[in-house]
Amino acid sequence: MATTTKEVDHVVIRFSGDSGDGMQLTGTQFSSTSALMGNDVATFPDFPAEIRAPAGTIAGVSGFQVNFGTTEINTPGDEPDVLVAMNPAALKANVKDLRKGGVIIANVDAFTDLNFKKAKYEGNPLDTHELDNFQVIKAHITNQTVEALKDIDLDNKSKERCKNFYALGMTYFMYSRELDTTINWIATKFKGKDKLIEANTIALKSGYHFAETIEAIPSAYKIQPAKIEPGLYRHINGNTATAWGFIQAAEASGRKLFLGSYPITPASDILHELSKYKNFGVRTFQAEDEIAGVCSAIGAAFTGALALTTSSGPGIALKGEAIGLAMMYELPLVIVDVQRGGPSTGLPTKTEQSDLNIALNGRNGESPIIVIAASRPNDCFHMAYEASRLALEHMTPVILLTDGYIANGTEPWKIPDLKEYSKIETKLVDGKKPAEEKYLPYTRDEKTLARPWAIPGMPGYEHRLGGLEKQENTGNVSYDPMNHETMCRIRKEKVERVANDIPEQEVEGETSGDLLVVTWGGTYGAAHMAVQELRKEGKKVSLAHLKYINPLPKNLESLISSFKKVIVPELNQGQMKNYLNQTFQCNAIGYNKVQGLPFKIRELVGVFNKVLEQ
Amino acid sequence: MSEMPTYKKKDFTSDQDVRWCPGCGDYAILASVQLAMTKIGKKKEDIVFVSGIGCSSRFPYYMDTYGLHTIHGRAPAVASGVKVQNPDLSVWLITGDGDGLSIGGNHTIHLVRRNLDINVILFNNEIYGLTKGQYSPTTRVGMKTKSTPYGSIDRPFHPASLVIGANSTFFARTIDTDPKHMQEVFLKASQHKGTSFVEVLQNCVIFNDKTHDPVTNRATRPDNSINLEHGKPMIFGKENNKGIVFDGFTPKIVTIGENGITEKDLAVHNENEPSGVWSYMLSTMSYPDMPVPLGVLRCVDAAVYESAVHEQIDNAKSKFGEGSMEKLLHSGDTWTIK
């Protein structure tokens with residue numbers, strides 16, 4: 001029977017199985033192929049905190065979601081249209097998210113009594129009515145893979161491992177994907193292991209042909225290329241883009257990049273990534289703990305590096321005292337907080353925006369520092385560069401907030417023009433001071449209040465920095481009451497004046513109206529799509545997505561006051577809302593969620609509509 | 001490159017008033033370090049002093065070099081960042097028994113393990129001075145302090161045992177009453193490539209006065225300490241007639257001329273013994289049972305961390321060429337949207 005091809009504008013697929021089933025790889029292949037075919041794409045991996053939780057259990061389920069389409073894609077998608085469930089646990093963990101009428105591809109070979117028990121199913125869910133709202137495709141993915149590979153000289157276990165490519169092949173047929181990208185990838189990945197190249201290629205093709213053959217797939221979908229801004233594109237995830245932004249900032253400032261870090265989910269990939277680029281002169285130091293990570297970076301900053309430390313919530317808590325020291329030293333330092341679900345150890349692999357308070361206030365004493373946040377995976381390069389620029393030009397620590405959602409999410413990225421990222425003016429002294437003149441480390445730039453930066457090795461500039469309060473200009477230890485107040489005021493004003501050096505707040509939509517949606521961080525995509533949808537319906541809604549948080553853009557207050565209502569949706573219990581209300585007395589209302597999950601577009605549309613109606 | 005200037009002690013003296021208690025052992029250490037700096041062959045702009053928190057950690061303010069007074073316990077991590085960033089600098093880390101062995105114990109052992117070429121001077125006065133008299137990780141059992149009114153029940157560290165156990169490549173001990181010995185030891189520390197760890201037995205005149213007196217006092221020192229010399233038999237005592245022999249792993253005091261003992265029967269110090277077992281045995285010798293070893297307990301060669309860091313960078317550059325962001329951006333799959 002001939003299959004009919006149906007055109008749709010975007011489709012969300014979730015690949016789900018045991019953490020050993022290769023679902024991350026399968027999802028990545030699907031998104032690469034789709035991007036190369038001209039679709040806009042966004043992805044999000046969802047894996048368990050345990051590396052290998054017991055096979056077959058819900059705790060061990062690992063997922064990867066891909067949203068691809070002909071229109072602009074800004075999130076990995078609200079609800080999957082297709083769920084690939086490699087076992088009963090994967091079905092159980094994900095079926096509640098699936099769109100009504102969506103397709104389930106179930107690997108029936110794993111639907112065994114033992115696995116039902118592990119997934120806490122009483123019987124085979126495929127035999128009951130609980131999946132009546134969905135289209136179920138039962139496929140013998142494991143057995144057919146092994147059967148297809150019967151002539152290849154590999155043990156059974158190795159053959160079974162190819163089953164993810166079989167499943168991938170099925171989805172490739174369903175969405176008219178080309179096989180070449182993945183076949184080439186297999187050839188590179190398994191170079192020198194010809195049997196594995198053959199086996200995985202055959203598995204991919206077998207899945208593809210199976211989907212084409214069986215009548216169980218009533219209609220295939222076709223996704224046309226999206227209308228995207230012309231240019232040269234590549235894939236990037238947030239952590240990689242962050243790492244690359246710092247490398248570029250080091251180049252633009254003529255400083256060497258130093259990273260002092262300690263492994264922590266979901267920030268470790270920045271450490272991994274930067275460790276690769278020794279030929280860029282990058283120094284990476286995996287310290288004995290979080291505190292040593294930031295402290296080694298402070299030592300490197302004193303010695304003239306673009307110094308960086310990377311972590312997530314628990315690590316940021318540990319680094320607090322040292323960040324305060326860097327603020328007191330007035331040295332350039334960037335702290336990246338890839339936020340995860342808190343508090344305490346919390347939900348290490350899930351996303352949340354609950355570190356805003358600690359970023360703004362998590363140090364003893366009066367210790368203001370710059371706080372900025374990236375909005376999506378392909379914004380991380382720019383914001384890492386911005387964090388470095390502000391730290392070096394203003395001689396202060398800067399916290400860059402990202403989160404697990406954008407750190408691990410992948411999307412196409414229009415390769416930037418590096419001319420726009422080519423010059424950061426540091427405060428480095430010129431070394432030409434007359435020998436008899438004493439160097440005063442705490443004199444200030446009139447405009448920015450930044451102090452000069454002299455580094456060891458420069459004769460005549462020998463000086464000492466400490467965490468004790470220091471006398472204005474000289475930097476000598478001072479217990480003078482008025483001096484302390486002066487220094488606290490200067491340090492505060494120094495950060496406030498950064499407002500002169502950041503872009504004005506942009507707004508999507510009109511600059512006045514009924515409702516202003518204010519977001520920050522990784523919720524941009526969902527909020528953007530939701531606001532767009534309401535605007536199409538003629539509603540007077542605008543979006544202000546904040547990237548510069550401390551200080552806030554100068555025009556934000558007047559912008560906020562031009563709307564009847566202000567709503568701040570965030571993945572926490574109202575931290576940005578409280579900050580804005582405290583700063584502007586603006587009666588912003590919050591919409592909050594702390595489930596370790598991102599916002600859905602439809603969810604936000606519903607919330608905004610309700611606020612408009614009130 | 002300009003020529004190496006000739007320095008005097010005052011060239012290393014900053015304009016800040018020294019604020020330690022009158023009679024504190026720190027004054028003598030400061031003077032000895034300033035004198036040692038005139039001899040290490042480094043320009044003052046290439047010297048960095050890094051400290052943590054505590055009385056001793058005020059030290060960098062008094063040195064006219066580059067300096068960092070950091071936060072409690074973290075000086076080893078800060079100093080590591082300084083040294084990795086610029087391996088040409090002479091980096092000196094000033095710490096105390098509380099700062100370096102209690103709150104900063106973790107950083108101390110990892111600094112030693114990595115073997116960065118940093119010189120550590122640990123002022124051991126067996127008490128918390130700046131917080132006014134609580135027991136420290138080196139305070140002896142039974143000692144009454146503000147926080148141990150019934151006597152300390154904590155078993156103390158021997159700093160030497162801890163550091164040698166952490167795979168140290170250089171450990172030496174000196175005393176705050178002997179400026180000449182201090183200078184010699186600081187010079188040796190600066191010459192060693194790798195982490196040089198120096199323990200100074202230092203007197204806290206206010207909270208733990210005379211705790212090291214039997215070892216540091218000119219009159220009692222000969223009988224309570226032993227000057228280690230590489231390749232020489234271990235002899236000590238006022239009359240120079242006592243010696244050390246080892247019964248298995250246990251050191252014992254013998255008298256030359258008694259029971260047929262001659263110099264040849266004595267243990268011979270070998271600071272280069274590779275495994276560290278020899279130095280560890282020496283580290284267990286403490287007053288009052290044994291004479292306290294002074295001088296270099298251990299000095300061996302091993303790979304230096306920051307050299308390896310820069311070697312990897314140089315190798316990567318010669319293998320892959322100088323990094324180019326333009327190339328990196330275009331690496332892997334790219335596609336054009338028209």
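The values are calculated or read from the model by the stated rules, or taken from the named source; none is laboratory data. This structure is a prediction, so every number in the text was calculated from the model and none was measured. A quick note on method: Cβ atoms are made from the backbone with ideal geometry, for glycine too, and the neighbour counts reach across all protein chains shown.
Details
- Once the range A:417-432 is narrowed to residues that are of a type in the set (K, R) and under 36 Å from the mean Cα position of the chain (by Cα), the residue that is surrounded by the fewest Cβ atoms within 10 Å (Cβ to Cβ) is A:K419.
- Breaking point among (1) part of a helix (DSSP H, G or I); (2) within 14 Å of chain A (Cβ to nearest Cβ); (3) crowded, with 24+ Cβ neighbours inside 10 Å, for B:G98: (2)
- Residue within the range B:304-316 that is away from every other protein chain (no Cβ under 14 Å), touching a residue at least 12 places away in the same chain (Cβ under 8 Å) and surrounded by 13 or more Cβ atoms within 10 Å (Cβ to Cβ) present: yes
- Within the set A:V108, A:V61, A:V66, A:V82, the sole residue that is among the aliphatic types (A, V, I, L, M) and touching a residue at least 60 places away in the same chain (Cβ under 8 Å) turns out to be A:V82.
- Elements of type helices (runs of 4 or more DSSP H) in the range A:228-328, at least 1 residues being within 22 Å of B:L328 (Cα to Cα): A:238-253, A:268-276
- Meets criteria (within 14 Å of chain B (Cβ to nearest Cβ), exposed (fewer than 11 other Cβ atoms within 10 Å of the Cβ) and in contact (Cβ under 8 Å) with a residue 12 or more places away in the chain) for A:A435: yes
- Condition met for A:K565 (in contact with a helix residue (DSSP H, G or I) (Cβ under 8 Å, 6 or more places away or on another chain), charged (D, E, K, R) and part of a strand (DSSP E or B)): yes
- Residue check, A:K414 under 30 Å from A:K447 (Cβ atoms), surrounded by fewer than 23 Cβ atoms within 10 Å (Cβ to Cβ) and within 14 Å of another protein chain (Cβ to nearest Cβ): no
- Within the range A:316-366, the set of residues being away from chain B (no Cβ under 13 Å) and small (G, A, S) comprises A:A317, A:G341, A:G342, A:S344, A:G346, A:S354, A:A359, A:G362.
- If you go through the range B:109-121 and pick out every residue that is within 12 Å of another protein chain (Cβ to nearest Cβ) and either of a type in the set (G, A, S) or over 14 Å from A:G293 (Cα atoms) (or both), you end up with 6.
- Search result, residues across the range A:463-511 that are outside any loop (DSSP other than H, G, I, E, B), touching a strand residue (DSSP E or B) at 6+ places or on another chain (Cβ under 7 Å) and polar (S, T, N, Q): A:N473
- For the range A:517-554, a residue qualifies if it is part of a strand (DSSP E or B) and among the β-branched types (V, I, T), and the qualifying residues are A:V517, A:V518, A:T519, A:V541, A:I549.
- Among the conditions (1) buried (at least 16 other Cβ atoms within 10 Å of the Cβ); (2) part of a loop (DSSP other than H, G, I, E, B); (3) modelled with pLDDT of 95 or more, A:C380 misses just one, which is (2).
- Some residue of the range B:291-298 being within 14 Å of chain A (Cβ to nearest Cβ), of a type in the set (G, A, S) and touching a residue at least 40 places away in the same chain (Cβ under 8 Å): no
- From the options B:L30, B:L35, B:L130, residue that is in contact with a Gly (Cβ under 6 Å, 6 or more places away or on another chain), surrounded by fewer than 24 Cβ atoms within 10 Å (Cβ to Cβ) and either within 14 Å of chain A (Cβ to nearest Cβ) or not in a strand (DSSP E or B) (or both): B:L130
- Criterion applied to A:E251, A:E288, A:E273 was being surrounded by fewer than 23 Cβ atoms within 10 Å (Cβ to Cβ), out of contact with any Cys (no Cβ under 7 Å at 6 or more places or on another chain) and more than 9 Å from every other protein chain (Cβ to nearest Cβ), and the one residue passing it is A:E273.
- Boolean, A:V12 is modelled with pLDDT of 85 or more, under 21 Å from A:I183 (Cα atoms) and outside any loop (DSSP other than H, G, I, E, B): no
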